[in-house]
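Here's the structure, in structure tokens; my notes come after.
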Amino acid sequence: MNQLAPNPAALLQRVKLDSDVVAARQMARQLAVELEFSRPDQALVATAVSELARNIVKYAQDGDIEICAVTSGPRVGIRVTARDQGPGLEDIDLAMQDGFSTGNSLGLGLPGTRRIVDEFDISSAPGKGLTVTVTKWR
Amino acid sequence: MNEVISSTIQSPGEGLREVWGWFDVSQDDRARVADLSPLMEQNIDGILQDYYSRDGGYDHPSDENTSGSMQEVRAQQRRHLLELFDAGLDQKYFEGREAAGIFNESYGISPSFYMGLYTYAINRVCELVQDSCEDAAEAQTVQRSLRKTAACHQALTMEAFSTARTEAIEQRERQLSELPTPVLRLQEGLLLVPVVGTLDSHRSRLLTIQILDAIRDQSARAVVLDITGVAAVDSMVANHLIQTMTATRLMGAYSVLTGISSEVAQALVKIGVTGEALNPAGDLERGVATARKLLET
Amino acid sequence: MGRRVPIVSQGDLLIASVQEELSDSDILDMQTRILEEVSRLSATRVILDVSLLDVIDSFGTRMLCDIAASVSLRGARMAIVGIQPEIAMAMVLLGLTLEDVPTAQNLDHGIALLRERA
């Protein structure tokens, strides 16, 4: 499930500056268009990547976003892996607590991201950085 | 039991051999049935003709729409009957049973009618065997082999029939649940959306994007969402509705919800959904009036 | 920067149109420029047209709210116009609701909306 090895066929975007966030989500949208995702799903993929990339800039300063097409039987999807070497998370469960009612102060934005993708996987340890892998099926 | 049979239907070979086992059909049985093949080919047309032309015995499917489709049905029934005498264990035989089941399902040939035809035909063949065999004991053995093999043959076909029927029902249900909801234009700037059926998260998303597209394309400023026809409203559905209405507002349109029955209202309160989030406006008439007022301001 | 978010004025009305995808610092710059223009022109109404934005995530939403709030502290009111269907859908699924900011489908509606509330 938690596939951490870099995929050679994947698109890779280093994420360090806030303009990299824009580049990463454009890359994701491009792939979603190529894979003929519906218009709303293209927006969801781009939004998820935007959230993940922003987390890297905000909390880790440096990391990368890997985007690749995946298939499972007849299904086609996009898998996004966000990796950083930042401070990591002390308490993953706390970070994943849903801030649905807190309106616009969403903290990490991870709970929201989980809601707009089909699969969500997170691994971290203090000082070890954070890896989030999400998959959206067409 | 059902599951076991289904799984054998999926993958013949080993599995099919197992089914023959259930019906106690041996290699010898199958050999004896295969030997009847020439006899069957000689007589099948007569048997079928007799079957179809008996008094009162045949009234389905109706003779009125004979011609094309009826001839097709008869040709297929003839072929399926002949395949019994191949009594093979191979993929082709198996596929033949599956095809027969699917054919029966799609042409509305009921299991009873199918069984009736087979029983009649098998009995006729047994008579022929009786007549052609000099040794009564041997005739009996052949007849027994034929009945066992035929029972198995029919079971496989019925199994496929039932699988095809289930699939057809599921397909229909799927189509029904994906039936697009009409987004109606009541007047300039005002949309009416009568939601009918079940509202799962997939359909709710489709519905939302449909409404949002309509708002954009028609520059609508008010939407009346009527849920009189929604089967059940639980907290999940309420949440979907709130999301739809929030998205509508982001697009710059007001929305009101109508058609909340008293049962639904009671249920919603019980699960903690209050009126505020849903912007309820009573019945459809009041909802439309409310929306019109919003347009005027 | 002006190229990315041209701001035009007409009487006491300011219209800022986002022309392309904005990075976070672009959005912060936009906030500063809008507030400067509100002061300079004594504008009372601001319309922010986001119809060309193709992603509005949690940061973007927070910034839109902040801009609206800071505009209102300057004594003007702001409406956001042109959120696209798929963006609205994504925002709602993320739990972003822009609760206190008036929204409209297009410029005309936005201008009418701000007039009504005057």
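The values are calculated or read from the model by the stated rules, or taken from the named source; none is laboratory data. Note that the structure is predicted; figures quoted are calculated from it, not measured. Here the Cβ positions follow ideal geometry from the backbone for every residue, glycine too, while neighbour counts run over all protein chains shown. For accessibility, only protein heavy atoms count, side chains too; no ligands or nucleic acids. Shrake-Rupley method; radii C 1.70, N 1.55, O 1.52, S 1.80 Å.
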Q | Radius of gyration and Dmax over the Cα atoms of the stretch C:7-116, both given in Å | A | 12.9, 38
Q.
Given a 1.4 Å probe and heavy atoms of the protein chains only, how would you sort A:Asp118, C:Asp108, B:Asp50, C:Asp24, largest accessible area at the top?
A. C:Asp108, A:Asp118, B:Asp50, C:Asp24
Q.
How compact is chain B by the rule of thumb for globular proteins, expressed as Cα Rg over 2.2 N^0.38 Å?
A. 1.59
Q. Where nothing but the Cβ of Lys and Arg (+1) and of Asp and Glu (-1) is charged, how large is the charge dipole of chain C around its Cα centre, in debye to the nearest 20?
A. 480 debye
Q) In deg cm²/dmol and to the nearest 500, what is the mean residue ellipticity at 222 nm of the protein assembly as shown if only DSSP H runs of at least 4 residues count, each as -39500 (n - 2.57), divided by the residue total? A) -17500 deg cm²/dmol
Q: Send over the Kirkwood Rh of the stretch B:184-296, from the inverse of the averaged 1/r over different Cα pairs, rounded to one decimal Å.
A: 13.8 Å
Q. How many nm is it between the label spots at B:Trp22 and C:Asp12, if each spot is 7 Å from the Cα in line with the beta carbon?
A. 8.4 nm
Q: Return one whole number: the accessible area per residue of chain B in Å², for a 1.4 Å probe.
A: 52 Å²
**Q.** Candidates A:Asp121, A:Asp84, A:Asp64, ranked by Gaussian network fluctuation over chain A, Cα under 10 Å, top entry
**A.** A:Asp121
Q) Can you pull the percent of the stretch C:7-116's accessible area that's carbon plus sulfur, 1.4 Å probe, other chains left in place? A) 49 percent
Q: Quick one: plug the Kirkwood hydrodynamic radius of the protein assembly as shown (C-alpha pairs) into Stokes-Einstein at 25 °C, 0.890 mPa s, and report D in µm²/s.
A: 85 µm²/s
Q) Given C:Gln31, C:Ser58, C:Val92, which one lies farthest toward the positive end of the charge dipole of chain C, if we put +1 on the Cβ of every Lys and Arg and -1 on the Cβ of every Asp and Glu? A) C:Gln31
Q. So how long is each side of the stretch B:242-297 along the principal axes, counting just the alpha-carbon atoms, biggest first, in Å?
A. 35, 24, 13
Q.
Which residues, if any, in the stretch A:14-47 lose at least 20 square angstrom of accessible heavy-atom surface (probe 1.4 Å) when the other protein chains sit next to their chain rather than the chain being alone?
A. A:Asp18, A:Val22, A:Arg25, A:Gln26, A:Arg29, A:Arg39, A:Pro40, A:Ala43, A:Leu44, A:Thr47
Q: Rank A:Asp62, A:Asp91, A:Asp20 by mean-square fluctuation in a GNM of chain A with C-alpha springs under 10 angstrom and give only the top-ranked residue.
A: A:Asp91
Q. Which of the residues in the stretch C:34-83 show a loss of at least 40 Å² in accessible area from their chain by itself to the complete set of protein chains, at a probe of 1.4 Å?
A. C:Asp54, C:Val55, C:Asp57, C:Ser58, C:Arg62
**Q.** Solvent-accessible area per residue, Å², over the stretch A:11-137 with all protein chains present [probe radius 1.4 Å]
**A.** 43 Å²
Q. Interface B/C, total buried accessible area with a 1.4 Å probe, nearest 100 Å²?
A. 1700 Å²
Q. With solvent modelled as a 1.4 Å probe, how much accessible area in total do chains A and C shield from it at their shared surface, in Å² to the nearest 100?
A. 2100 Å²
**Q.** Rounded to the nearest 20 debye, dipole of the stretch B:184-296 from Cβ charges on Lys, Arg, Asp, Glu
**A.** 200 debye
Q) Give me the Kirkwood hydrodynamic radius of the stretch A:11-137 in Å, from all C-alpha pairs, to one decimal place? A) 14.6 Å
**Q.** Where Cα atoms sit under 30 Å apart: lysine pairs in the protein assembly as shown separated by 8 or more or lying on different chains
**A.** 7
Q. If you build a Gaussian network model of chain B, linking Cα atoms that sit under 10 Å apart, which residue out of B:Ala34, B:Ala151, B:Ala247 swings the most?
A. B:Ala247
Q | Value of Rg to Rh for the stretch A:29-74 (Rh from inverse mean 1/r over Cα pairs, i.e. Kirkwood) | A | 1.06
Q: Heavy atoms only, probe 1.4 Å: what % of the accessible area of the stretch B:168-270 goes to carbon and sulfur, would you let me know?
A: 56 percent
